[in-house]
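The values are calculated or read from the model by the stated rules, or taken from the named source; none is laboratory data. This one's a predicted model, so the numbers in the text were calculated from it and none came from an experiment. Cβ sites come from the backbone with ideal geometry, for glycine too, and all protein chains shown count toward neighbours.
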Amino acid sequence: METSILSYCKIKNNSVWINGTLVAQAETNEEATTFLATLYKTNELNYPKFFKMDKLCKLGVLTTELVIRSIQDFSDIPKNKIALVFSNSASSLETDRTHAKTIADKENYFPSPSVFVYTLANIVIGEIAIKHKITGENAFFVSEKFDAELMASYTATLLQDTATTTVLAGWINVDGPDLEAFVYCVKNLNFKQEKNTGNPDAYQQEHNSKNIHYLYSL
C-alpha cells in the first residue's frame, strides 16, 4: 500500500504555514489568543462554538480547518473512513490550571462546567469530529516530544487494517503562552512527488516517519 501526505499546516510563533508557504503572521507582540481570533475571522470559519472552546481546541480546529480547505475534494471522502490521530506533551494542562484555580479555595469554590469539560486533551478530537461530522477511528497520545515514528506507524496500521482511507494527524500543544500545531493529512494514493510550488493542491509527500519529521522540523 502506498500512502501520501496530501497537505500540512503549521502554526507556531504567531505564524501560519500551509505546505511550506507562510500565509499569515501576527504583529510581534500580539497575544496568541488574539492571533487565533484573528485567524478565525480572516478565514471566515463562521462557527460560533469556536469562542466557547479552550485554546487547545481552538488551535486544533483552526489548524485542521486550514489543512482540509487545502485539499481538493476532501468533502467527498466518507466521514466514517476518516481517522483523527493527534498528540502533544502538555495534555490539557492549560485548562487544568484554570480549573484548579476555581477549586483551590474551599471558601471560594466556583468550578465551571464550561471549563471542566476541556480538562481532557482528547476533547480537541471531539471538537474537530463534531465540526466536520467525522465518525472514524481516533486516538490521542501524550508524549514528551513529537514522535514521528509513532504517528507514522499508527497511521499506517489504521490505513492497512481498518476501513480508514484518510488520516488527519499531528501535534497540537498549548502550554502557557506557547502554542504549536502541526497537522497533516495522509491518504491512500499512488505516490507522486512534486516540487512544492506554493499551490496547496500540488503538494504531496510520501508518507513515512522521515518525511513527517522533516516537515515538523521546518
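Just a few scattered comments:
- Every residue from region 179-194 that is modelled with pLDDT under 95, touching a helix residue (DSSP H, G or I) at 6+ places or on another chain (Cβ under 8 Å) and farther than 18 Å from Phe35 by Cα: Asn188, Glu194
- When region 1-20 is limited to residues that are part of a loop (DSSP other than H, G, I, E, B) and of a type in the set (S, T, N, Q), the one that is modelled with the highest pLDDT turns out to be Asn19.
- Test: Gly176 is among the small types (Gly, Ala, Ser) and modelled with pLDDT under 95: yes
- Listing of helices (runs of 4 or more DSSP H) fully contained in region 21-130 that carry 1 or more residues being crowded, with 17+ Cβ neighbours inside 10 Å and modelled with pLDDT of 95 or more: 32-42, 55-69
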